[in-house]
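Each remark here refers to the structure printed beneath this line.
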Amino acid sequence: FPPRRSSDLSAASPFWHTANLFREGREWIDHALERVNAAPDIEPETHARLLAGSALMAFHAGAWDDCRTRVDQLGTTDPSGESGVLVMCLDAGLAAYGGDPAGATGKSRLALTAAQALGEPWLEGLAGMFDGFASALTGNHEEAYRRLARTPRDIGFLDLLLDVMTGAVLTCIR
């Protein structure tokens, strides 16, 4: 891929998620990152989108250390942009999987607020999913259910994850 066309790879992320091709997606994105890093005039947002895509693929593949490395590389990303909100979501998820439910709750609420301000339904869904997950980890299953029920649906690849998580929380309530 030429460096300027590398941003097109971020558009393929929903495909890789839906098909559970996280490793393949990471390989393509990481290859594009190598090319972009060698290009002196690449736009910062293109670089951020590729790093965020790689981090998301690593997260879903369970490669927590790789995800953390990418999230840390994106630490200076504009928090009001799409990549910045994705970083907040992933940071909340990493806190949750790292055994810090209180930290995950705070980070997921910030991510959800930022996603809502941005008006991107898929980011609202991702942030809502992490918010519900963080609430469930604190043991507050009723709150987790309320948060998951408010999360936008009809966003493709996230719908199944949201439905499974909501069902699991309902099982805990009953």
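Could you tell me whether the range 112-174 comes out rounded, prolate or oblate from its Cα gyration tensor? Rule is a ≥ b ≥ c as square roots of the eigenvalues, rounded for a/c under 1.5, then prolate if a/b exceeds b/c, otherwise oblate. Since a/c reaches 1.5 but b/c is at least a/b, the shape of the range 112-174 is classed as oblate. Which of rounded, prolate, oblate describes the range 20-72, given a ≥ b ≥ c as roots of the alpha-carbon gyration tensor eigenvalues and a/c under 1.5 marking rounded, otherwise prolate only if a/b is larger than b/c? The shape class here is prolate.
The 3J(HN,Hα) values that the Karplus relation (6.51, -1.76, 1.60; θ = phi - 60°) gives for the range 26-35 are, in residue order, 4, 4, 5, 5, 5, 4, 5, 4, 4, 5 Hz. Gly and Pro appear as x. Here the 3J(HN,Hα) profile of the range 39-55, calculated from phi with Karplus coefficients 6.51, -1.76 and 1.60 at θ = phi - 60°, is 9, x, 10, 6, 6, x, 5, 5, 4, 5, 5, 5, 4, 5, x, 5, 5 Hz, Gly and Pro shown as x. From the Cα gyration tensor of the range 70-174, with a ≥ b ≥ c the square roots of its eigenvalues, which class applies: rounded if a/c is under 1.5, or else prolate if a/b is larger than b/c, or else oblate? Judged from the Cα gyration tensor, the range 70-174 comes out oblate (a/c at least 1.5, b/c at or above a/b). Working from Cα pairs under 8 Å separated by at least six residues, relative contact order for the range 53-174 is 17 percent. With protein chains left intact and a 1.4 Å probe, residues in the range 61-139 average 41 Å² of accessible area per residue. Nonpolar atom fraction for the range 33-149, defined as the carbon and sulfur part of the 1.4 Å probe accessible area, stands at 51 percent. Note that the range 103-109 has calculated 3J(HN,Hα) couplings of x, 5, 5, x, 5, 5, 5 Hz, one per residue in order, obtained from phi through the Karplus relation 6.51 cos²θ - 1.76 cosθ + 1.60 (θ = phi - 60°); glycine and proline are x.
The values are calculated or read from the model by the stated rules, or taken from the named source; none is laboratory data. Quick caveat: nothing in here was measured; it's all calculated off a predicted structure. The area values use the complete protein model at the heavy-atom level, side chains included, leaving out ligands, DNA and RNA. Shrake-Rupley method; radii C 1.70, N 1.55, O 1.52, S 1.80 Å.
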